[in-house]
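Notes for the one structure printed next.
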Amino acid sequence: MSDPLRGVIVTHAAVAQALLAAVAAITGVSDALVPVSNDGCDSGALTERLMRAIGGRPAVLFVDLPGGSCLTTSVRLAKGATDVAVVTGVNLAMLLDFVFHRELAPADAARRAADAGSKAIRTPAA
Amino acid sequence: MSIALYRIDDRLIHGQVVVGWGKPLNVGFIVLVDDTVWASPWEQDLYRMGVPPEIEVVFASTAEAAARLPEWERDPRVGILLAGDIETLAALSTNSHRVSRINVGGIHHRPGRSERLRYVYLSDAEAAKLKELAAQGVAVTAQDVPTAAPVPLKEFT
């Protein structure tokens, strides 16, 4: 059986660390996700951080914004790679779904997580 | 003059540019001067992803930028001109004689550079190049976001 997918949360400032802590607090799962901040990085330094976080395993990169240095670096890294997929607009709901579906192929896990994240965005009546 | 900001930022188009500066300046276009991005439609698509549709993104080579700068300055919209390194903006300044101020917005760590500010790392040669631009009459300051105070060149070189 192949290794379960690794999730890498790629964000500005300390958003990634906070999301990781929230996932661990809710699920008890603490080994599925790795946080990466772009603090102090140009694209070369951020690429190195991402490579270390991925660790040569199949992975999904969860990026905070649909643009900017976190995204451009992640997409460049994933370009041409069959075992790395990218999702933007990371939120807690998509990560909670992801940690329990790490047996999927990266592209399928990315689509599933994007769907779960989208469904969590609502405007409930007060 | 419609170019409100001539910025050096090795992250090129990213959140600080589009949101941090773009919103308060009500930016209508961003010129990205970068020979590598200019030669790659795939890279251009990548950078466009981070920009809302109401903001036009123009990709230019270093040589093209000097020729088109008067056109961008006449544009009634507010614009930001971005380059990823000192060399590119210095070349634009030298070739056009139209760059009067430069914002150092983000130059990050690489071997050979030392920390000058939290978001500015420079080699001695890069610091000397900025001083050379200042000696030519260009106002050079460092400022990552508009709510921060601009830092005079002498304080980070």
Fill in: Verdict on residue A:95 being modelled with pLDDT of 95 or more and either in contact with a Ser or Thr (Cβ under 8 Å, 6 or more places away or on another chain) or closer than 24 Å to residue B:16 by Cα (or both)
no
Discussion item. I need a count of the residues in region A:93-126 that are among the hydrophobic types (A, V, I, L, M, F, W, C) and without any contact (Cβ under 8 Å) to a residue 24 or more places away in the chain.
Written reply: 4
Worksheet item: Just one of the numbered conditions (1) under 25 Å from residue A:41 (Cα atoms); (2) touching a Phe, Trp or Tyr at 6+ places or on another chain (Cβ under 9 Å); (3) part of a helix (DSSP H, G or I) is not true of residue B:125; which one?
Response: (2)
Discussion item. Residue under question is residue B:32, and the condition is that it be closer than 25 Å to residue B:20 by Cα, assigned to a strand (DSSP E or B), open to solvent by less than 30 Å² (accessible area, probe 1.4 Å) and not aromatic (Phe, Trp, Tyr); does it hold?
Written reply: yes
Worksheet item: Would region B:61-70 turn up any residue that is touching a Gly at 6+ places or on another chain (Cβ under 9 Å) and under 29 Å from residue B:136 (Cβ atoms)?
Response: no
Worksheet entry | Among the candidates A:10, A:60, A:90, residue that is in contact (Cβ under 8 Å) with a residue 40 or more places away in the chain and closer than 18 Å to residue B:106 by Cβ | A:10
Discussion item. Residue under question is residue B:87, and the condition is that it be more than 14 Å from every other protein chain (Cβ to nearest Cβ), of a type in the set (D, E, K, R), over 23 Å from residue B:23 (Cα atoms) and in a helix (DSSP H, G or I); does it hold?
Written reply: yes
Discussion item. Out of B:43, B:71, B:56, I need the residue that is away from chain A (no Cβ under 14 Å) and without any contact (Cβ under 8 Å) to a residue 24 or more places away in the chain. Which one?
Written reply: B:71
Practice prompt. Among the residues of region A:1-11, write down those that are over 13 Å from the mean Cα position of the chain (by Cα) and buried (at least 16 other Cβ atoms within 10 Å of the Cβ).
Written response: A:4
Practice prompt. Determine, yes or no, whether residue B:21 is among the aromatic types (Phe, Trp, Tyr) and open to solvent by 40 Å² or more (accessible area, probe 1.4 Å).
Written response: no
Item to complete: Please identify the pairs in which a residue from region B:1-12 that is over 10 Å from residue B:30 (Cβ atoms) has its Cβ atom under 6 Å from the Cβ atom of a residue that is modelled with pLDDT under 95 and buried (at least 24 other Cβ atoms within 10 Å of the Cβ), counting only partners at least 6 apart or on another chain.
Response: B:11/A:69
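Let's see how each residue does on (1) within 14 Å of chain B (Cβ to nearest Cβ); (2) among the charged types (D, E, K, R); (3) open to solvent by 30 Å² or more (accessible area, probe 1.4 Å):
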site	(1), (2), (3)
A:15	yes, no, yes
A:18	no, no, yes
A:38	yes, no, no
A:59	no, no, no
A:70	yes, no, no
A:80	yes, no, yes
A:86	yes, no, yes
A:93	no, no, yes
Worksheet item: Of all residues in region B:90-122, which are among the small types (Gly, Ala, Ser) and either within 14 Å of chain A (Cβ to nearest Cβ) or open to solvent by 60 Å² or more (accessible area, probe 1.4 Å) (or both)?
Response: B:105, B:106, B:112, B:114
Fill in: Members of region A:40-53 that are in contact with a helix residue (DSSP H, G or I) (Cβ under 8 Å, 6 or more places away or on another chain) and either away from every other protein chain (no Cβ under 14 Å) or assigned to a helix (DSSP H, G or I) (or both)
A:43, A:46, A:47, A:50, A:51
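The values are calculated or read from the model by the stated rules, or taken from the named source; none is laboratory data. Fair warning: this is a prediction, and the values are worked out from it, not measured in the lab. Virtual Cβ from ideal backbone geometry, glycine too; neighbours counted across all protein chains shown. Keep in mind that these areas ignore ligands, DNA and RNA; they rest on the heavy atoms of the full protein, side chains included. Shrake-Rupley method; radii C 1.70, N 1.55, O 1.52, S 1.80 Å.
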